[in-house]
1. Those residues that are assigned to a loop (DSSP other than H, G, I, E, B) and touching a Leu at 6+ places or on another chain (Cβ under 7 Å), I need them from region 209-249; list them, please.
2. Go through region 553-564 residue by residue and tally those that are within 25 Å of the chain's Cα centre (by Cα) and in a loop (DSSP other than H, G, I, E, B).
3. Pull out all pairs, ordered by first then second residue, where Cβ-Cβ is under 8 Å, the residues are six or more apart or on different chains, the first lies in region 215-240 and is closer than 15 Å to Arg285 by Cβ, and the second is of a type outside the set (A, V, I, L, M) and modelled with pLDDT under 95.
4. Taking Gly156 and the conditions (1) at negative phi; (2) surrounded by 18 or more Cβ atoms within 10 Å (Cβ to Cβ); (3) more than 23 Å from the chain's Cα centre (by Cα), which numbered condition does it fall short on, given that it satisfies the others?
5. Report, by residue number, each residue of region 509-529 that is among the charged types (D, E, K, R), open to solvent by 10 Å² or more (accessible area, probe 1.4 Å) and within 24 Å of the chain's Cα centre (by Cα).
6. Cβ-Cβ below 8 Å, separation at least six or inter-chain, first residue in region 559-572 and on the phi > 0 side of the Ramachandran plot, second among the hydroxyl-bearing types (Ser, Thr, Tyr): which pairs?
7. Could you give every pair whose Cβ atoms fall below 6 Å, whose first residue belongs to region 192-203 and is free of Cβ contacts under 8 Å to residues at least 40 places away in the same chain, and whose second residue is open to solvent by less than 30 Å² (accessible area, probe 1.4 Å) and aliphatic (A, V, I, L, M), counting only separations of at least 6 or pairs across chains?
8. Yes or no: region 274-288 includes at least one residue that is open to solvent by 40 Å² or more (accessible area, probe 1.4 Å) and either of a type in the set (A, V, I, L, M) or not in a helix (DSSP H, G or I) (or both).
Amino acid sequence: MGQGYGRDYEQGDGVNTTSNAFIHEVDGERRHVLRCTTAAVALLMGSHTLTASAAAPVKGKPLGFTGVPVSSADALVVPPEYEAQVLYRWGDATGIAGAAAPAFSADASNSWQEQLLQSGMHHDGMEYFPLDKNPRHGLLAINHEYTDDGLLHSDGMKTWTADKVRKSQAAHGVSVIEVVERAGVWRVMPNSRYARRITGHTPMQFSGPAAGHALLKTAADPEGLHPLGTLNNCAAGQTPWGTFLTCEENWNGYFSAQDKPNPDEARYGLRAKGFGYRWHEFDERFDAVKHPNEPHRFGWVVEIDPQDPTQTPIKRTALGRIKHEGATTTLSRDGRAVVYMGDDERFEYIYKFVSRDKVKPGGYRANKDILDHGTLYVARFDEQGYGRWLPLVHGEGGLNAAGGFASQADVVIKCRQAADLVGATKMDRPEWVAVHPNTGEVFVTLTNNSSRGKDGRMVDAANPRNDNIMGHIIRWREGKGQGTFAKRLDGDASATEFRWMHFALAGDPNAEKAEYRGTIKGDMYGSPDGLQFDAGGLLWIQTDISTSAMHKGAYKGIGNNMMLCADPATGETKRFLTGPAGCEITGVSFTPDRRAVFINIQHPGETASERGDPAQPKAVSSWPDGPTGGRPRSATVVIRRKDGGIVGT
């Protein structure tokens with residue numbers, strides 16, 4: 001996802017300096033890595049395929065829309081038989097019952113108090129929750145990942161004040177809005193009893209094994225139970241019991257740490273002055289030197305009940321503290337909740353959580369503690385397409401006091417270190433996870449990793465390309481009895497073993513270097529990020545090409561960021577839309593009848609530095625308001641077929 005303030009947002013080669021192997025042999029005894037030649041890539045792609053019985057393919061489905069070409073235009077382009085409507089822009093009123101509805105000021109002069117009642121900035125992950133079983137009346141829960149302070153304030157960061165910090169914090173977090181469609185037009189409902197804004201200052205609570213732990217205690221919260229706010233909310237998830245899971249990703253960038261961070265701080269990328277947000281200058285809790293435990297209070301999955309605006313959001317510590325990209329929830333064969341999660345940084349890991357208890361009927365009230373008890377795992381990808389889930393459980397695999405983990409609370413707070421110790425596989429920026437609604441097969445985007453192959457960080461079977469600037473998508477099927485190829489994998493999401501293969505290596509087939517060409521069957525793309533299945537089993541792929549790389553080098557022919565649709569049975573891939581200049585395409589959620597899809601246009605007009613110039617706010621883009629608007633604005637868009645049919649068919 002967008003990271004905030006340029007390519008320097010993270011240490012250049014990632015922060016995982018552990019020596020655990022990059023890939024493992026099936027027998028666990030001998031290990032090796034492959035040199036990434038063109039032949040090696042071909043070998044990997046040819047050998048890591050599931051058997052016919054394991055893959056359980058279904059008949060291919062035609063992608064029933066007119067594909068759109070690549071584009072560099074400052075416009076949202078959809079197929080001619082579709083129409084797109086801008087629904088909820090940064091600065092639009094959220095529609096909170098009994099509150100004011102301040103209009104957006106084109107010169108960015110809205111106060112922080114007004115921003116609390118308006119849409120936040122940089123829309124990201126999103127989920128749609130129908131009301132009263134009506135597919136065209138529901139709630140949208142929308143993440144607001146980060147801010148561009150060059151555009152958020154009239155004079156950018158030329159001056160810096162406490163009010164600007166508060167406005168920036170108010171533009172982070174989550175919106176819950178009520179939306180309804182009438183005669184083909186969607187609108188945000190005013191004065192909604194559901195609508196709310198959740199920000200960097202919203203009171204929250206901890207639950208699970210780390211709640212009340214010493215590392216979560218601060219001077220302002222001596223009990224370690226009541227964190228304040230949520231930040232850098234990236235991808236998201238919807239639970240079977242009707243709640244929204246929002247995920248704290250690059251939270252480290254808001255803290256100013258000591259010049260030489262301690263090992264735990266370094267493992268999470270804390271550094272002096274952070275990413276340049278400068279919050280610590282007026283909000284002392286973001287000064288990690290003075291408040292060293294405050295960073296431990298971020299990096300969690302936060303559960304929100306969208307239908308109850310009085311509910312206190314809960315940080316579910318059993319799911320681990322990482323740079324959470326998303327939290328995709330499904331059910332095991334026996335009805336337990338399984339949550340898949342990626343840690344979005346170079347050479348980080350893929351996780352899943354399996355609840356102890358079964359999901360019960362009765363919604364959130366009946367399942368309010370289900371994410372507090374269960375087993376957290378991290379993935380190990382072995383050679384020849386095998387994989388294993390390694391438990392992150394205190395007392396197992398060296399996760400004990402001698403290893404630096406005195407309790408399960410230590411395991412989840414220092415989740416990255418625990419995953420290092422048990423020997424997880426280092427991946428190329430694991431981001432969104434999607435679960436096939438019919439087969440249970442799991443897909444994950446690995447957005448890119450230009451550091452793969454450098455400084456001894458070799459390619460491996462799961463991450464087969466040096467200088468992996470294009471990224472790839474990997475897939476697996478959970479199951480037991482995998483020692484027998486002929487045995488059908490049962491697809492149980494709670495299994496501790498799986499079989500994996502690549503779905504696609506992204507790239508441009510016309511690229512000069514073979515490593516950049518990819519294996520896509522259909523329309524090309526690079527840097528896959530957002531990923532979602534619709535109820536019919538079509539896979540929707542969204543891209544996040546960095547503005548520092550867009551239209552340059554190997555990306556010169558790929559154009560603006562885009563959303564594509566793929567048939568997982570055949571691999572056929574077709575481009576569905578392209579976004580305006582400088583944007584990322586992210587957030588995808590369908591109405592239950594699949595007659596409408598909501599997507600987010602994040603940071604249109606973003607510069608290569610990821611901070612806009614307040615003197616020239618429209619230097620890159622004027623979307624969506626056009627020439628008469630004051631500055632580009634992230635926005636939620638709803639797309640439908642003109643004939644009212646099912647999207648994608």
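1. Once the filter is applied, which keeps residues that are assigned to a loop (DSSP other than H, G, I, E, B) and touching a Leu at 6+ places or on another chain (Cβ under 7 Å), region 209-249 yields Ala210, Ala211, Gly212, Gly224, Thr239, Pro240.
2. Of the residues in region 553-564, 4 are within 25 Å of the chain's Cα centre (by Cα) and in a loop (DSSP other than H, G, I, E, B).
3. none
4. Result: Gly156 fails condition (1) only.
5. Asp523, the sole residue that qualifies.
6. Gly559/Ser71; Gly559/Ser72; Gly559/Thr578
7. Gly200/Leu231
8. The answer is yes, given that some residue of region 274-288 is open to solvent by 40 Å² or more (accessible area, probe 1.4 Å) and either of a type in the set (A, V, I, L, M) or not in a helix (DSSP H, G or I) (or both).
The values are calculated or read from the model by the stated rules, or taken from the named source; none is laboratory data. Predicted model, so just to flag it, every value in this text is computed and none were measured. Methodologically, a virtual Cβ is constructed for each residue, glycine included, from the backbone with ideal geometry; neighbour enumeration extends over all protein chains shown. What goes into the accessible areas is simple: the full protein's heavy atoms, side chains included, and nothing from ligands, DNA or RNA. Shrake-Rupley method; radii C 1.70, N 1.55, O 1.52, S 1.80 Å.
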